[in-house]
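**Q** Quick one: this structure, given as C-alpha coordinates, is what I'll be asking you about.
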Amino acid sequence: MNTIKGFLIDLDGVLCVEDQIIPGAAATVNWLWRQGFPFRFLTNTTMGSRDSLVAKLSRFGIQAEPGEMFSTAPGGCEMACR
(Lines give C-alpha, C1' and ligand atoms only; values in the text may rest on other atoms or scores of the structure.)
Protein backbone atom coordinates (compact mmCIF):
# COMPACT_ATOMS: atom_id res chain seq x y z
CA MET A 1 0.00 0.00 0.00
CA ASN A 2 3.06 2.25 -0.28
CA THR A 3 1.87 3.83 -3.55
CA ILE A 4 -1.65 4.66 -2.39
CA LYS A 5 -2.05 8.38 -1.78
CA GLY A 6 -5.56 8.31 -0.35
CA PHE A 7 -9.06 6.89 -0.52
CA LEU A 8 -12.43 8.14 -1.72
CA ILE A 9 -15.08 6.25 0.22
CA ASP A 10 -18.67 6.16 -0.97
CA LEU A 11 -21.31 6.12 1.74
CA ASP A 12 -24.43 4.42 0.43
CA GLY A 13 -23.82 0.79 -0.38
CA VAL A 14 -20.20 0.87 0.77
CA LEU A 15 -20.28 2.07 4.39
CA CYS A 16 -23.99 1.86 4.96
CA VAL A 17 -27.36 1.07 3.47
CA GLU A 18 -29.82 3.70 4.63
CA ASP A 19 -29.50 3.64 8.45
CA GLN A 20 -27.61 0.33 8.70
CA ILE A 21 -23.85 0.18 8.74
CA ILE A 22 -22.23 -2.55 6.68
CA PRO A 23 -20.32 -4.99 8.91
CA GLY A 24 -16.63 -4.09 9.10
CA ALA A 25 -17.08 -0.60 7.64
CA ALA A 26 -16.30 1.35 10.83
CA ALA A 27 -13.33 -0.87 11.65
CA THR A 28 -11.93 -0.37 8.15
CA VAL A 29 -12.28 3.42 8.19
CA ASN A 30 -10.80 3.61 11.67
CA TRP A 31 -7.90 1.42 10.56
CA LEU A 32 -7.24 3.76 7.61
CA TRP A 33 -7.24 6.70 10.02
CA ARG A 34 -4.83 4.99 12.44
CA GLN A 35 -2.50 4.14 9.55
CA GLY A 36 -2.44 7.78 8.49
CA PHE A 37 -4.08 7.31 5.10
CA PRO A 38 -5.98 10.38 3.91
CA PHE A 39 -9.57 9.76 2.86
CA ARG A 40 -12.74 11.63 1.98
CA PHE A 41 -16.35 10.52 2.00
CA LEU A 42 -18.52 10.75 -1.10
CA THR A 43 -22.24 10.45 -1.62
CA ASN A 44 -24.64 11.13 -4.44
CA THR A 45 -27.54 11.65 -2.06
CA THR A 46 -29.10 15.07 -1.76
CA MET A 47 -31.04 14.10 1.35
CA GLY A 48 -29.06 15.87 4.03
CA SER A 49 -26.42 18.39 4.86
CA ARG A 50 -22.78 17.62 5.46
CA ASP A 51 -23.43 18.02 9.17
CA SER A 52 -26.24 15.44 9.09
CA LEU A 53 -24.00 13.00 7.19
CA VAL A 54 -21.20 13.54 9.73
CA ALA A 55 -23.71 12.87 12.54
CA LYS A 56 -24.85 9.69 10.79
CA LEU A 57 -21.27 8.43 10.53
CA SER A 58 -20.69 9.31 14.17
CA ARG A 59 -23.62 7.08 15.15
CA PHE A 60 -21.85 4.30 13.26
CA GLY A 61 -18.60 4.89 15.16
CA ILE A 62 -16.85 6.78 12.35
CA GLN A 63 -15.49 10.23 13.13
CA ALA A 64 -15.61 12.70 10.26
CA GLU A 65 -15.54 16.43 9.68
CA PRO A 66 -17.91 18.31 7.36
CA GLY A 67 -14.94 19.25 5.16
CA GLU A 68 -14.26 15.56 4.53
CA MET A 69 -17.75 15.04 3.12
CA PHE A 70 -18.49 15.58 -0.55
CA SER A 71 -21.91 15.23 -2.14
CA THR A 72 -23.66 16.16 -5.33
CA ALA A 73 -25.61 19.02 -3.72
CA PRO A 74 -22.69 21.42 -3.06
CA GLY A 75 -21.09 20.47 -6.39
CA GLY A 76 -24.30 21.17 -8.27
CA CYS A 77 -24.71 24.48 -6.47
CA GLU A 78 -21.18 25.49 -7.36
CA MET A 79 -21.70 24.67 -11.03
CA ALA A 80 -25.02 26.54 -11.16
CA CYS A 81 -23.47 29.65 -9.68
CA ARG A 82 -20.75 29.98 -12.31
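**Q** Check whether at least one residue in the range 18-29 is in a helix (DSSP H, G or I), under 10 Å from the mean Cα position of the chain (by Cα) and either under 18 Å from Gly67 (Cα atoms) or at pLDDT 95 or above (or both), and report yes or no.
**A** yes
**Q** Just for the range 15-30: of the residues that are free of Cβ contacts under 8 Å to residues at least 24 places away in the same chain and within 14 Å of Lys56 (Cα to Cα), which one is surrounded by the most Cβ atoms within 10 Å (Cβ to Cβ)?
**A** Result: Ile22.
**Q** Out of everything in the range 31-76 that is among the aliphatic types (A, V, I, L, M) and without any contact (Cβ under 8 Å) to a residue 40 or more places away in the chain, what residue ends up being surrounded by the fewest Cβ atoms within 10 Å (Cβ to Cβ)?
**A** Met47
**Q** Could you pull out the residue among Ile22, Ile9 that is in contact with a Cys (Cβ under 8 Å, 6 or more places away or on another chain) and of a type in the set (Val, Ile, Thr)?
**A** Exactly one residue qualifies, and that residue is Ile22.
The values are calculated or read from the model by the stated rules, or taken from the named source; none is laboratory data. What you are looking at is a predicted structure, and each value in this text was computed from that prediction instead of being measured. Positions of Cβ are generated from backbone atoms using ideal geometry, with glycine treated the same way; all protein chains shown enter the neighbour counts.
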